[in-house]
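The values are calculated or read from the model by the stated rules, or taken from the named source; none is laboratory data. Keep in mind that this is a model prediction, so the values were computed, not measured. Quick reminder, even Gly has a Cβ in these numbers, built from the backbone with ideal geometry, and neighbours come from all protein chains shown.
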Amino acid sequence: MATRYLTVTGFIPDDGTLVLDTGFLMEQAPVGSIADVITADALVVESYDGRGIVRRDPVATSPLCLHDVPTFAQRFVAGVVPFAPETRRLRFIYQDRVLREMDIPRNAPVLELTWQPVAEVAGVHSVRWQADHPDGEPLSFIVLYSPSADEWQAVSLTQRENFAVVDFDALPGGESCRVRVLASDGANTTAVNSQPFQVPRKGLRPFIVYPDDGATVTAGVPILLDGQAFHWEDPEREADTMTWRSSVDGQLGEGNRIDAALSPGLHEIVLTVESGDDRGEAFVAVTALPTFVEEA
Amino acid sequence: MSPVPTQCESLEATVQEIRDALRALAEDMADPDLGPDEKAAIGVQLHKAREQLQRAERDLDRCIRDNSPPPEPVTPRLEVGYVQVVQTVQSPRDNELRLVRNKQTVVRVFVSSGMTNGFDAGAGPNRWPGVSGEVRVTDPATGFTTGPVVPFNPGGSIVALPNAEISQDYTSHSLNFRLPLVAVSAARLDINVRVFVRGHENDGGGWTAERSISVDLLSRPEQEITPILLMAARLDLPVPIPAPTFNDFLRILRRGALARFPIPFFRARRPMTLVTLFDLRGSFGWAATLAAVTTAALHTTGFRGTAAGLVMPASGNAMGGIGAPRGWLFVPSFVTTFGADVASEALFAHEMGHAHGLNHSVCRGDEPWLHDARLPARTDAIGMHAEDGTVIPRQSPEVMSYCAEPRWPSIATYNLIFDTPI
């Protein structure tokens, strides 16, 4: 059986306990998520089967800043550890103190996705499911979304509720999209996928970093026009062209970041981005005030 | 001989009285009938009178100098004392801190009036109003020149001060030029500065001055960041608090982190809009939210850059932000509160500083462990918010502390972030 991995995220409060976000098993460990050396600051996860220890793995920790709240030494915990299938108990150790022990239930959660997608899904949907645990264990859930076969993204944080509100207008589209719900008792994880469905493609999303909408600048003095774009369906795709235009001055230039001196007046600055067949626009309103008045 | 000013006439009279007394004593001393004791007494009086005369003449000279018009003709003697090139912070001299290519850059030109004779040209003694200038920037590799760039000071000019009064901690003590992007894309810049009194642009003799310097710009990678826009919807809230918009995120990213750190620009990735059901009125809810954000990042294929969570402000929230120094965590992550104010922007930068591996500097005294011994409590360099064109003076609170605004990076923070791109 291929190795699976357990997420271990949470924090160690001042009182020396361990608060964990619910762990979920995953098929692949994200690059860089596995700590390979047990250091003095590591949270050590010991895995036991019925006879003894089967694994001992570190998880990275780091001081936690709760801004403006004077605390002594809370620590943040984040990473994944390989999960041996025979594991029956996990023991979490920090600086030689056992902070928590967790028995692994023998059975996995039972999960059924009750939300049924229509052929094309758009807008806000309440994705619902039913879940139970044969051993009566409490369950947590996380909802993932895939616009394509090899890409998943979280559309919820870890939660106890059996529904999640998902805005499909703020997600990449595709012909064969799926929703996946993960249910976990802290280790045993059950996943169910929806039937494939279509979500409208969003294409390019240009945006103007600077200036802000409603900004006031000095006319005649070059200002930075800073724009970017991402592609909802293809995050690695670069823009072919980025063109800037003013409602007053016409064409301003090409490129993601350019200098432009605006003539006096109220400008609508439009950034047009093209990539392949995709095209998108972003715009801001900018007022250019006349250049400074010469002193008498 | 010029007449004695009215204010000094009494001093002149005193000097004359002492001179008369000295003359009388000298005549007395010449009397051949004086005995030795009388000569000694007159000698003492002579000595005292000479000392009095010395003091009185010095007082009279000062009075005449202070109350006489300066010599004509009266013209400024402009000098360009120092040219500072700054993106977020810069050392007081010699532009020692490294600069980043393709980042917004301000050139500060400190112009001295060169006046010491007390002449008042309308802006106070030894000051000269209406001083402006222009900057030209040349890429020595190509010979391409940008400019002239004009200053962005209010009215486009400053009052030139005498050298002794100039302080780098004041925006108005320098002519400030924001360089166009095209000018800061080269590896080396030759910067030529020419300053002048308005109306005398082509006059010599102190009405104009010029100076050239060169600086290097280093290439530094863009920084990727994934916006995580968080709706706060704990179940007892009558109405959920909506997530900040993507534009809200871009604004605080730019004004908070980009303005403070040696990063040319951020590459914002596709945003994730998520719901936190945790209670942000307590520190537990914040820490749980941060942990859950990290769990979500772990479940997101090919998650890249910093996971930067943002919530809208809400009364009763326990804190403004939370984050952890990167260390060996797989993904740097933090959550802060959006606000269009300096404190929110500094908070965003503070938590991003943790993402770069920095701990706390100790300014207020109750910053939590770990304390970062590399960082001072207060800044030790001249700060510049290049977008706003405002100077953040030395001894402002260090950005990694909990002191009140304006928090800004010290030289150490600047260098550490320069050397630890995410």
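If B:M115 meets every condition in (1) out of contact with any helix residue (DSSP H, G or I) (no Cβ under 9 Å at 6 or more places or on another chain); (2) surrounded by 22 or more Cβ atoms within 10 Å (Cβ to Cβ); (3) at pLDDT 95 or above apart from one, which number is that one?
Against the list (1) out of contact with any helix residue (DSSP H, G or I) (no Cβ under 9 Å at 6 or more places or on another chain); (2) surrounded by 22 or more Cβ atoms within 10 Å (Cβ to Cβ); (3) at pLDDT 95 or above, B:M115 comes up short only on (3).
Which members of the stretch B:111-127 meet the condition of being within 14 Å of chain A (Cβ to nearest Cβ) and either among the hydroxyl-bearing types (S, T, Y) or in contact with a Lys or Arg (Cβ under 9 Å, 6 or more places away or on another chain) (or both)?
Matches in the stretch B:111-127: B:A121 only.
Say we look at the stretch B:274-305 and pick out the residues that are among the hydroxyl-bearing types (S, T, Y) and either at pLDDT 95 or above or touching a Ser or Thr at 6+ places or on another chain (Cβ under 7 Å) (or both); which of these is nearest to B:G320 (Cα to Cα)? Outline the logic, then answer.
Kept after step one, since they are among the hydroxyl-bearing types (S, T, Y), are these residues of the stretch B:274-305: B:276, B:283, B:289, B:294-295, B:300-301.
Imposing the further condition that a residue be either at pLDDT 95 or above or touching a Ser or Thr at 6+ places or on another chain (Cβ under 7 Å) (or both) reduces the set to B:276, B:289, B:294-295.
Details: B:T276: 15, B:T289: 13, B:T294: 18, B:T295: 21 Å.
Only one residue tops the list, namely B:T289.
Can you name the residue in the stretch B:148-164 that is under 14 Å from B:P125 (Cβ atoms) and crowded, with 17+ Cβ neighbours inside 10 Å and is also nearest to the other protein chains (Cβ to nearest Cβ) among such residues?
Top of the filtered list is B:V159.
All but one of (1) crowded, with 19+ Cβ neighbours inside 10 Å; (2) within 12 Å of another protein chain (Cβ to nearest Cβ) hold for B:L375; which doesn't?
(2)
Failed condition for B:D120, given (1) at pLDDT below 95; (2) acidic (D, E); (3) surrounded by 14 or more Cβ atoms within 10 Å (Cβ to Cβ), with all others met?
Only one criterion is unmet by B:D120, namely (3).
This table checks each residue for (1) crowded, with 18+ Cβ neighbours inside 10 Å; (2) free of Cβ contacts under 8 Å to residues at least 60 places away in the same chain.
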| residue | (1), (2) |
| --- | --- |
| A:D103 | no, yes |
| A:V110 | no, no |
| A:V118 | no, no |
| A:H125 | no, yes |
| A:P134 | no, yes |
| A:S140 | yes, no |
| A:A149 | no, yes |
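Starting from the stretch B:125-141, take each residue that is in contact (Cβ under 8 Å) with a residue 60 or more places away in the chain and on the phi > 0 side of the Ramachandran plot and list its partners that are charged (D, E, K, R) and not in a strand (DSSP E or B), counting only C-beta distances under 9 angstrom and pairs at least six apart or across chains.
B:G130/A:E295; B:G130/B:R198
Within the stretch B:281-291, is there a residue that is in contact with a helix residue (DSSP H, G or I) (Cβ under 9 Å, 6 or more places away or on another chain) and aromatic (F, W, Y)?
Checking the stretch B:281-291: not a single residue is in contact with a helix residue (DSSP H, G or I) (Cβ under 9 Å, 6 or more places away or on another chain) and aromatic (F, W, Y).
Looking at (1) without any contact (Cβ under 8 Å) to a residue 60 or more places away in the chain; (2) buried (at least 16 other Cβ atoms within 10 Å of the Cβ); (3) away from chain B (no Cβ under 14 Å), which is the one condition that is false for A:W129?
Evaluating A:W129 over (1) without any contact (Cβ under 8 Å) to a residue 60 or more places away in the chain; (2) buried (at least 16 other Cβ atoms within 10 Å of the Cβ); (3) away from chain B (no Cβ under 14 Å) leaves (1) as the failure.
Considering each of A:P58, A:P109, A:P70 in turn, give the residue that is within 14 Å of another protein chain (Cβ to nearest Cβ) and farther than 30 Å from B:V399 by Cα.
Numbers: A:P109 fails: within 14 Å of another protein chain (Cβ to nearest Cβ); A:P70 fails: farther than 30 Å from B:V399 by Cα.
Step by step, each of A:P58, A:P109, A:P70 is checked, and only A:P58 is within 14 Å of another protein chain (Cβ to nearest Cβ) and farther than 30 Å from B:V399 by Cα.
Kindly list, by first and then second residue, each pair from a residue in the stretch B:5-29 that is free of Cβ contacts under 8 Å to residues at least 12 places away in the same chain to a residue that is buried (at least 16 other Cβ atoms within 10 Å of the Cβ) and in a helix (DSSP H, G or I), limited to pairs with Cβ atoms under 9 Å and residues at least 6 apart or on different chains.
B:E17/B:A56
Within the stretch A:1-45, track down each residue that is surrounded by 20 or more Cβ atoms within 10 Å (Cβ to Cβ) and under 17 Å from the mean Cα position of the chain (by Cα).
Those that are surrounded by 20 or more Cβ atoms within 10 Å (Cβ to Cβ) and under 17 Å from the mean Cα position of the chain (by Cα): A:T7, A:V8, A:T9, A:G10, A:D21, A:T22, A:G23, A:F24, A:M26, A:P30, A:S33.
Among the listed residues A:M1, A:M26, which satisfies the condition of being at pLDDT below 95 and in contact with a helix residue (DSSP H, G or I) (Cβ under 9 Å, 6 or more places away or on another chain)?
Exactly one of A:M1, A:M26 is at pLDDT below 95 and in contact with a helix residue (DSSP H, G or I) (Cβ under 9 Å, 6 or more places away or on another chain), namely A:M26.
Can you go through B:P421, B:P325, B:P313, B:P406 and tell me which one is within 25 Å of B:F249 (Cα to Cα), in contact with a Lys or Arg (Cβ under 7 Å, 6 or more places away or on another chain) and in a loop (DSSP other than H, G, I, E, B)?
Criteria check complete, one pass: B:P421.
Report, by residue number, each residue of the stretch B:248-265 that is out of contact with any Asp or Glu (no Cβ under 7 Å at 6 or more places or on another chain) and at the interface with another protein chain (Cβ under 9 Å from one of its Cβ atoms).
Looking only at the stretch B:248-265, we keep the residues that are out of contact with any Asp or Glu (no Cβ under 7 Å at 6 or more places or on another chain), and these are B:248-250, B:253-254, B:257-258, B:260-263.
If the condition is that a residue be out of contact with any Asp or Glu (no Cβ under 7 Å at 6 or more places or on another chain) and at the interface with another protein chain (Cβ under 9 Å from one of its Cβ atoms), then B:L250, B:L253, B:R254, B:L258 are the ones that fit.
Out of curiosity, is A:P82 more than 30 Å from B:G320 (Cβ to Cβ) and within 12 Å of another protein chain (Cβ to nearest Cβ)?
no
Considering only residues that are touching a residue at least 24 places away in the same chain (Cβ under 8 Å) and facing chain B (nearest Cβ under 7 Å), which ones fall in the stretch A:156-182?
A:T158, A:V165, A:D167
Taking B:F110 as the residue in question, decide whether it is modelled with pLDDT of 95 or more and either crowded, with 21+ Cβ neighbours inside 10 Å or part of a loop (DSSP other than H, G, I, E, B) (or both). First the steps, then the outcome.
Working: modelled with pLDDT of 95 or more: yes; either crowded, with 21+ Cβ neighbours inside 10 Å or part of a loop (DSSP other than H, G, I, E, B) (or both): yes.
Here the answer is yes, as B:F110 does meet what is asked.
If I filter the stretch A:192-236 down to residues being among the polar types (S, T, N, Q), more than 9 Å from every other protein chain (Cβ to nearest Cβ) and in a strand (DSSP E or B), which single residue comes out as surrounded by the most Cβ atoms within 10 Å (Cβ to Cβ)?
Within the stretch A:192-236, the match that is surrounded by the most Cβ atoms within 10 Å (Cβ to Cβ) is A:Q198.
In the stretch A:1-16, which residues are part of a loop (DSSP other than H, G, I, E, B) and either among the basic types (K, R) or closer than 18 Å to B:A324 by Cα (or both)?
A:P13, A:D14, A:G16
Can you tell me which residue within the stretch B:320-360, out of those that are out of contact with any Phe, Trp or Tyr (no Cβ under 9 Å at 6 or more places or on another chain) and under 15 Å from B:E398 (Cα atoms), is nearest to the other protein chains (Cβ to nearest Cβ)?
Going through the qualifying residues, I end up with B:L347.
One residue is enough: does the stretch A:246-257 have a residue meeting the conditions among the acidic types (D, E) and surrounded by fewer than 17 Cβ atoms within 10 Å (Cβ to Cβ)?
Filtering the stretch A:246-257 down to residues among the acidic types (D, E) leaves A:249, A:254.
Narrowing the set further to residues that are surrounded by fewer than 17 Cβ atoms within 10 Å (Cβ to Cβ) leaves A:249, A:254.
For the stretch A:246-257, residues among the acidic types (D, E) and surrounded by fewer than 17 Cβ atoms within 10 Å (Cβ to Cβ): present.
Which one of these does B:I228 not meet: (1) over 30 Å from B:T306 (Cβ atoms); (2) buried (at least 17 other Cβ atoms within 10 Å of the Cβ); (3) touching a helix residue (DSSP H, G or I) at 6+ places or on another chain (Cβ under 7 Å)?
Going through the list (1) over 30 Å from B:T306 (Cβ atoms); (2) buried (at least 17 other Cβ atoms within 10 Å of the Cβ); (3) touching a helix residue (DSSP H, G or I) at 6+ places or on another chain (Cβ under 7 Å), B:I228 breaks only (1).
Regarding B:R364, is this residue within 14 Å of chain A (Cβ to nearest Cβ), under 26 Å from A:P13 (Cα atoms) and surrounded by fewer than 21 Cβ atoms within 10 Å (Cβ to Cβ)?
So B:R364 fits the description; yes.
Considering each residue of the stretch B:294-308, count those that are within 7 Å of chain A (Cβ to nearest Cβ) and part of a helix (DSSP H, G or I), and give that number.
4
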